[in-house]
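Everything on this sheet refers to the single structure shown next.
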Amino acid sequence: MSLDVQLQPLWSNPKLFLTGLVVLAAIVQTLYKKRKRASENRAPMVSHLIPWVGSALEIGRNVDAFFDRAQRKYGDVFAVKAFGRNTTCVVSPSLISEIYRNPQKYDFGHYRVTLTIGCFAIPASLMKSDLLSKVLRPAQHRHLSPTGIGPAIESHTTAVWDLLEKEGSRFAGVSTPLRDFVLPVLYQSSAYAFFGRSCPVLELYQAFNDFDSDFHLLLTGVPRVFLRKYTEGLATMNRLFEKYFNGPHEEASEYVLESERVIRDQGYDSKAVGAYFVCFFFALMTNARNAGYWMIVLNLGREEGVQPLVDEIDEAVTSWKHQNPGQKIEDHLYEFFSTAELPLLTSAIQETLRYASSAMSIRRVTEPVEPGGYRFDEGDEIACMTRSVHMDEEIHENALEYDPRRYMNQKTFSKNGKIVTNHSMPWGGGVSMCTGRHFATRALKSFMVFLLIQYTLEIDSKSSERPTFVLERVGTGVMHPRGDLRVILHARK
Ligand code: HEM
């Protein structure tokens, strides 16, 4: 082909012109189809009036009502805009279960690494290494499993009893904000259980609270420069944990000592070990202590108060004393607590977690999928909203009501005539399910048992103050309380 021909305009050659037109039309059609496909079949966005703010204000006003309305209007999959961020939410138990069961298609590993590196100061090389996935995580699962958790629970048990005795006598007889009494006891006993008595719990307390109070803002994408409490809290916790690992700490749990050895063997120093455990410390503390707090508030708020729980525990004590004549419970705390039959308390713990938790499991799609008939492409994010299942009236009758006997009276739950096995998911699920759940349930149990053995507890009738959920933290675990409840404790004879 000569250079002359190439330079002639296309329309001077009708055949070439027609071919060009056909090719162009094909390209335009392909692009159009691609674009149409991209917007077609996507999960619907919940309508909102203010562009960037989206549904944030409505969620803040009443999160449960918002998700209930959205599910009725849009179905089991919908996108929500809040403060410029779009989150695609899945709210049905069957779809959530499908997502949890398919970690290859719905990946969590990527999010775990990004989140941990983004929020804590763990070296990226450690977070991305095989050491984490092949050694440290399996060790965590082993030590926190029902068979591995015994030693940590045993030290927790003793610490709870001692702290309740000490703190309770400080507050006995006077009107006390429940938070001042409950949160430090649950916090300190959990810290001692894993890190031993040389853990600088009191110095860490404020730093942890500061970090914790900003954490949800960090997750919503607020830049660190605006989160002074988070930044300073993290820096203090890192410094204190580095010092702790530089000093004597032989009485730490086997889980902590083994993980420390493994990390150091790879050449990491106390700073890196400390940063690794700041992350664990956060998981250990952020949910369980608030669950203990709500457990008391929600039971005291009922007409019968905590009396049914007291009766059940007293009966267990009487039965134990009958079987162990001349022995004192104080000398056999762990043995008593691990053998006592307490079905009401067990149900009340589960109900507290159903009622007061709002866990959101994030997954990243790795290949095109269509959960609920909607299209998701590689890289899309999905959030499994477990609270919507907890608050589903069809699954949980009178879902908005706290009923401590719910799981005692009802063993199976269903929807549309089908049994729902994942009716309660306070621990999330699948590959990211809370590793600390066995410790947490036992710790809550021993706390309530020993509290109600040692004290009577009543609401201060002179105070009308009542706590509410901090709704801005929705999706981050057990709700934090705003406001408080004043109580009066008396030592039991
Ligand atoms: C009532 C108390 C607790 C609740 C409701 C709770 C809930 C959760 C939830 C919802 C997740 C994320 C699940 C997901 O993304 O699907 C999680 C993760 C985790 N929790 Fe808990 N948790 C509690 C107590 C604890 C305690 C006491 C510990 C430590 C002993 C702990 C250790 C962890 C760890 C290490 C993870 C990360 C798991 C992973 O990355 O795979 N949690 N927890």
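The values are calculated or read from the model by the stated rules, or taken from the named source; none is laboratory data. Computed from a predicted model, the values in this text were never measured in an experiment. FYI the Cβ positions are ideal-geometry reconstructions off the backbone, even for glycines, and counts take in every protein chain you see.
Would you be able to say whether some residue in the range 187-200 is in contact with a Gly (Cβ under 8 Å, 6 or more places away or on another chain) and either of a type in the set (V, I, T) or not in a helix (DSSP H, G or I) (or both)? Scanning the range 187-200, I find at least one residue that is in contact with a Gly (Cβ under 8 Å, 6 or more places away or on another chain) and either of a type in the set (V, I, T) or not in a helix (DSSP H, G or I) (or both), so the answer is yes. For I153, are the conditions met, namely being buried (at least 16 other Cβ atoms within 10 Å of the Cβ) and not assigned by TED's automatic domain parsing to the domain that holds N422? No: the conditions fail for I153. Taken together, the residues in the range 303-355 that are under 24 Å from R437 (Cα atoms) and of a type in the set (S, T, N, Q) amount to 6. If you filter the range 339-395 down to residues that are part of a helix (DSSP H, G or I) and without any contact (Cβ under 8 Å) to a residue 40 or more places away in the chain, you find that the one that is nearest to the ligand (Cβ to nearest atom) is H390. A search for C-beta distances below 6 Å between a residue of the range 468-489 that is without any contact (Cβ under 8 Å) to a residue 24 or more places away in the chain and any residue that is within 16 Å of the ligand (Cβ to nearest atom), counting only pairs 6+ apart in sequence or on different chains, returns V470/H480; R482/V470. Checked against the criterion of being assigned by TED's automatic domain parsing to the domain that holds V389, touching a residue at least 60 places away in the same chain (Cβ under 8 Å) and charged (D, E, K, R), the candidates R112, R142, R101, R85 yield just one match: R112. Among the conditions (1) over 30 Å from Q104 (Cβ atoms); (2) out of contact with any Pro (no Cβ under 9 Å at 6 or more places or on another chain); (3) away from the ligand (no atom under 16 Å from the Cβ), I296 misses just one, which is (3).
Residues are listed down the side, and each one gets a yes or a no for (1) under 18 Å from Y244 (Cβ atoms); (2) more than 20 Å from the chain's Cα centre (by Cα); (3) not basic (K, R):
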{"site": "V182", "(1), (2), (3)": "no, no, yes"}
{"site": "V185", "(1), (2), (3)": "no, yes, yes"}
{"site": "Y192", "(1), (2), (3)": "yes, yes, yes"}
{"site": "L204", "(1), (2), (3)": "yes, yes, yes"}
{"site": "D210", "(1), (2), (3)": "no, no, yes"}
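The set of residues in the range 167-178 that are closer than 16 Å to L452 by Cα and touching a helix residue (DSSP H, G or I) at 6+ places or on another chain (Cβ under 9 Å) comprises E167, G168, F171, L178.
Table: residues versus (1) crowded, with 18+ Cβ neighbours inside 10 Å; (2) within 21 Å of the chain's Cα centre (by Cα).
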{"position": "H332", "(1), (2)": "no, no"}
{"position": "E351", "(1), (2)": "yes, yes"}
{"position": "F376", "(1), (2)": "yes, no"}
{"position": "S388", "(1), (2)": "yes, yes"}
{"position": "E393", "(1), (2)": "no, no"}
{"position": "K418", "(1), (2)": "no, no"}
